[in-house]
Amino acid sequence: MDTTMDLRTTPAQEAFRLEARSWLAAHTPPPRSLPSLDTAEGFEAHRQWEQTMFDDRWSVVSWPEEFGGRGVGILEWLIFEEEYWRAQAPLRVSQNGVFLLAPTLFEFGTEEQRARFLPAMASAREIWCQGWSEPDAGSDLAGIRSRAVRSEGDDGWLLTGQKTWASRGAFAEWCFGLFRTDPEAERHRGLTYFLIEMSTPGVTVRPIPQIDGETGFAEIFFEDVFVPDGQVLGGVGRGWNVAMATAGSERGLSLRSPARYTEAASRLVDLYAHSLQTEPARAARSADAVAQAWMDAEAYRLNTLWTATRVLSGGSVGPEASANKIHWSETDLAIHRAALALLGPEAEFHGDGVDAPWLDGYLFALAGPIYAGTNEIQRNVVAERMLGLPRG
Amino acid sequence: MRFAFSDQQTEFRDAVRQVLAKECTTDHLRAAYEEPAARSPRWTTLAEMGVVGLTAPEDHGGLGLGMLDLVLLLEEAGRVALPEPLLETTAVVVPLLSELGGSGDPGGVGDPGGSGGVGGAWLDGIAAGDVAAAVGTISTDSPPIAGADGADLLVLFTTAEAGDGEAVPEVHLVDSASVTIRTVASLDPTRRLGIPHWTPKDDTRLASGATAREAIRRTADRAALSTGAELLGLTESMITMAAEYAKERNQFGKPIGGFQAVKHLLAGAQVKLEFARPVVYAAAWALDEGEPHASRSVSTAKAYASDAATEAARVALQVHGAIGYTWECDLHLFLKRAWALAEAWGSASEHRQRVLDGLVAGA
Ligand SMILES: Cc1cc2nc3c(=O)[nH]c(=O)nc-3n(C[C@H](O)[C@H](O)[C@H](O)COP(=O)(O)OP(=O)(O)OC[C@H]3O[C@@H](n4cnc5c(N)ncnc54)[C@H](O)[C@@H]3O)c2cc1C
């Protein structure tokens with residue numbers, strides 16, 4: 001059937017929005033009241049918040065009900081995200097699991113794996129980290145050396161090697177990682193995607209303080225760590241394919257919903273309006289950058305709706321996910337850079353001041369063009385797969 | 001919520017693309033550079049397909065459709081750098097004439113949208129492919145009007161002075177046969193810039209006062225959005241030309257498209273295009289629906305499309321090297337149009353300012 005464009009939400013979607021809004025209003029802790037999630041104390045506080053959401057089925061709205069969700073569609077999820085960011089609710093400590101691993105489990109997992117892992121992920125009883133990068137394999141992910149060898153007679157594998165930069169790795173219970181199972185195979189071929197419990201003997205974690213001094217990521221050392229066959233995701237030797245599905249979620253529709261940016265952009269406009277009164281000359285110099293940052297967020301919102309409609313009509317997201325990743329990471333930078341320019345000398349104030357979130361946000365935004373595959377690598381993908389330029 | 005075009009809309013787009021690929025090649029563009037004309041056999045073809053009269057009411061021979069239907073066709077016009085005034089005629093003047101129907105000013109041309117009025121006759125002519133229109137402002141410092149040279153119909157905005165000294169906006173409908181037009185050279189001759197020598201008369205006035213002000217405002221929105229849509233098509237063409245060239249041209253023993261510096265230039269332009277597109281489409285929808293923030297959507301669209309095109313033009317030329325700097329290479333036919341349209345109907349920074357002012361005012 002031929003249908004026309006309509007950018008309005010339906011009454012049912014608005015009802016869903018109101019339900020989410022009123023729940024969040026009643027339950028969300030005051031903005032920035034939880035300790036940083038990159039501390040042991042903050043990690044637990046954020047875990048508790050996820051549990052609170054889970055209790056009322058708000059932690060994973062788009063998942064089927066059997067796993068703790070509400071079975072709503074992608075548009076409703078976007079609406080929920082709008083309300084979540086509008087309420088200035090806490091950062092999602094479970095984001096690696098919920099936004100990255102879960103879509104991959106839905107696509108590649110066995111029934112047993114879904115039943116085993118998804119509910120515990122939804123309630124944040126088990127928090128996941130991502131073990132992909134290694135000291136010698138960053139952009140060149142297929143160059144990883146950590147390996148898994150068959151543990152004969154035990155129906156499993158022994159993992160050895162080193163992962164690094166694992167966000168939330170210092171405190172997480174589980175890790176999804178890529179390991180080389182066939183040292184003979186060509187680079188992309190011999191990889192396998194494992195689900196690893198961090199408390200398994202042989203796993204050692206060394207926290208790494210980030211640029212802000214907090215323990216945002218960690219190194220993980222593996223020494224003959226036993227992982228049973230049931231914790232291979234997507235088949236032995238199929239790790240690269242499975243990982244690319246996860247990466248698609250990371251760059252595409254799942255990890256960074258537009259609400260994060262539209263909300264920050266609207267706070268940027270508030271900051272600009274305030275500066276017009278207090279520092280008019282500085283405000284005038286920033287006007288163009290403020291407007292551009294606001295529009296970048298708006299463009300991201302619209303592009304997401306455009307993509308979501310395509311996905312709902314049976315389409316898929318290919319190399320556009322790379323364009324998407326470039327855009328969201330640059331938008332985040334543009335928003336925060338504009339805010340710091342408006343703050344002027346106050347931009348460097350750190351700590352609990354009202355404006356400190358802009359600086360924290362800027363530091364975080366600076367990582368955007370690096371993680372989830374650097375923007376240089378994404379530009380290669382756009383050039384090669386969207387424009388057909390030769391691989392080089 | 002559904003953010004996609006209907007099958008009918010994309011099928012019409014495909015049909016127009018096919019026709020223009022044959023009837024508006026770069027050879028045709030070069031011919032138009034030599035002899036710019038408002039109407040051509042191609043214009044007649046487009047009229048026969050219903051494209052020219054797309055927005056005109058059905059009882060004037062049109063299809064009675066809106067900006068959302070037109071926006072994809074304007075993108076196609078941009079893709080081939082169509083020299084004819086589809087934007088001015090179909091996207092701007094037709095909706096204006098249709099809208100001012102019945103609001104005829106006492107002493108003015110009256111009943112324009114109605115079947116009998118002067119405006120109605122112009123609508124009939126447009127849908128039939130016999131009339132090309134141009135639109136612009138007449139004042140001491142207003143820029144030359146695109147398409148004025150050779151247009152059949154001019155829609156002119158002026159400001160009259162009321163008895164109390166207050167400025168009163170007016171919309172006039174002027175048969176170009178009744179005025180002389182001083183041509184102004186554009187870098188892109190198909191722009192056919194001109195300044196009409198004309199003074200307002202009672203019998204050309206279509207609207208004045210609040211009605212005119214509102215009509216002018218809506219015209220500016222439609223024109224900015226439509227310009228943005230053409231810029232999308234131009235942007236895609238420039239990127240495609242450069243990417244194709246980068247696959248063929250060898251240096252250091254391999255295609256230059258394999259060099260990362262070249263890849264990243266083109267990828268950057270492509271990302272801008274990807275994100276400009278939904279912004280333009282959403283603005284078309286907002287205008288048709290009379291959404292409260294439609295003007296802001298339009299400004300966002302024009303700013304995004306202008307910047308995407310400016311970037312693509314710069315990148316495409318750089319990727320071509322010296323050959324791109326020649327008259328012989330077709331690229332300049334697209335660059336020049338892109339440069340002109342990026343500034344037309346409000347530059348990117350003007351529109352950004354408009355967006356920001358509106359946001360701060362809480363509008
Ligand atoms: C905050 C943060 C969180 C992270 N979280 C995780 C996590 O949870 N799990 C995980 O596995 N990893 C994580 N990472 C690591 C991230 O995936 C890598 O940093 C990223 O893949 C880049 O690898 P690298 O740091 O080794 O840089 P390198 O690959 O050494 O790159 C350095 C520079 O060289 C450029 N470069 C490299 N190769 C090319 C090329 N072919 N063409 C052009 N330029 C090139 C890069 O773009 C970059 O600018 C995180 C990183 C950060 C900053």
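For A:E250, what is the net charge nearby, where nearby means another residue's Cβ is under 12 Å from its Cβ and Lys, Arg count +1, Asp, Glu -1? Write down the numbers at each step before the final one.
Working: positive: A:R251, A:R256, A:K325; negative: none.
Summing Lys and Arg as +1 and Asp and Glu as -1 gives +3.
Let's test the formula: R0 of 45 Å, r as the Cβ-Cβ distance of A:R391 and B:K22. What FRET efficiency results, to the nearest 0.05? Display every interim value, and only then the final one.
Details: r = 34 Å, r/R0 = 0.76.
With a Förster radius of 45 Å, E is 0.85.
Calculated FRET efficiency, B:A167 to B:W339, Cβ-Cβ distance, R0 = 30 Å: about 0.40 to the nearest 0.05.
With both bridge residues required to lie in the protein assembly as shown, what share of the DSSP beta bridges run antiparallel, to the nearest 5%? Before the final figure, lay out the partial values.
Numbers: 51 of 61 bridges.
Around 85 percent of the beta bridges assigned by DSSP in the protein assembly as shown are antiparallel ones.
Here, chain A has an Rg and a Dmax of 21.5, 74 Å when only alpha carbons are counted. Chain A contacts chain B over a buried accessible area of about 4300 Å², both sides summed; the probe is 1.4 Å and only protein chains count. Look at the stretch B:351-359: the mean tally of other chain Cβ atoms within 10 Å of its residues' Cβ atoms is 5.
Using only the Cα atoms of the protein assembly as shown, build the gyration tensor, take square roots of its eigenvalues as a ≥ b ≥ c, and label the shape rounded, prolate or oblate: rounded if a/c is under 1.5, else prolate if a/b is larger than b/c, else oblate.
Taking the square roots of the gyration eigenvalues as a ≥ b ≥ c, the protein assembly as shown is prolate.
Counting only other chain Cβ atoms within 10 Å of each residue's Cβ, the peptide B:339-349 averages 1.
Placing dummy labels 7 Å off each Cα toward the beta-carbon, the span from B:A261 to A:S313 is 4.2 nm. Between A:L18 and A:Q51, the FRET efficiency estimated from the beta carbon spacing at R0 = 22 angstrom works out to 0.40. Placing a label point 7 Å from the Cα of B:T183 along the Cα-to-Cβ direction, the residues of the stretch B:9-34 whose backbone N falls under 18 Å from that point are B:29-34. Within the accessible area of the protein assembly as shown, the carbon and sulfur atoms contribute 52%, probe 1.4 Å, all protein chains present. Here the stretch B:7-211 was treated as a single set of alpha-carbon atoms; its pair distances binned every 5 Å from 0 give 1, 8, 16, 19, 19, 16, 11, 6, 3, 1, 0, 0 percent. By the compact-protein rule of thumb, 2.2 N^0.38 Å, the alpha-carbon radius of gyration of chain B corresponds to a ratio of 1.00.
Paramagnetic label reach from A:R125 (point 7 Å along Cα→Cβ; backbone nitrogen cut-off under 19 Å): within the stretch A:19-53, residues A:44-53. Residues considered: A:G156, A:G138, A:G344. Largest GNM mean-square fluctuation over chain A, using C-alpha springs under 10 Å, is found at A:G344. Using just its DSSP H runs of length 4 or more, each adding -39500 (n - 2.57), the protein assembly as shown gives a mean residue ellipticity at 222 nm of -16000 deg cm²/dmol after division by all residues. Distance between the 7 Å Cα→Cβ label points at A:D270 and B:E289: 2.6 nm.
Please give the length that would be gained between B:D357 and B:E34 if that part of the chain were fully extended, namely 0.36 nm times their separation in residues minus their C-alpha to C-alpha distance (nm, one decimal). Walk me through the numbers on the way to the answer.
Working: separation 323, 0.36 × 323 = 116.28 nm, distance 4.34 nm.
That works out to 111.9 nm of additional length.
The values are calculated or read from the model by the stated rules, or taken from the named source; none is laboratory data. For clarity, every value in this text was computed on a predicted model and none was experimentally measured. All Cβ positions, even for glycine, are placed from backbone atoms using ideal geometry, and neighbour counts span all protein chains on display. Please note that ligands, DNA and RNA were not included when accessible areas were found on the heavy atoms of the full protein model with its side chains. Shrake-Rupley method; radii C 1.70, N 1.55, O 1.52, S 1.80 Å.
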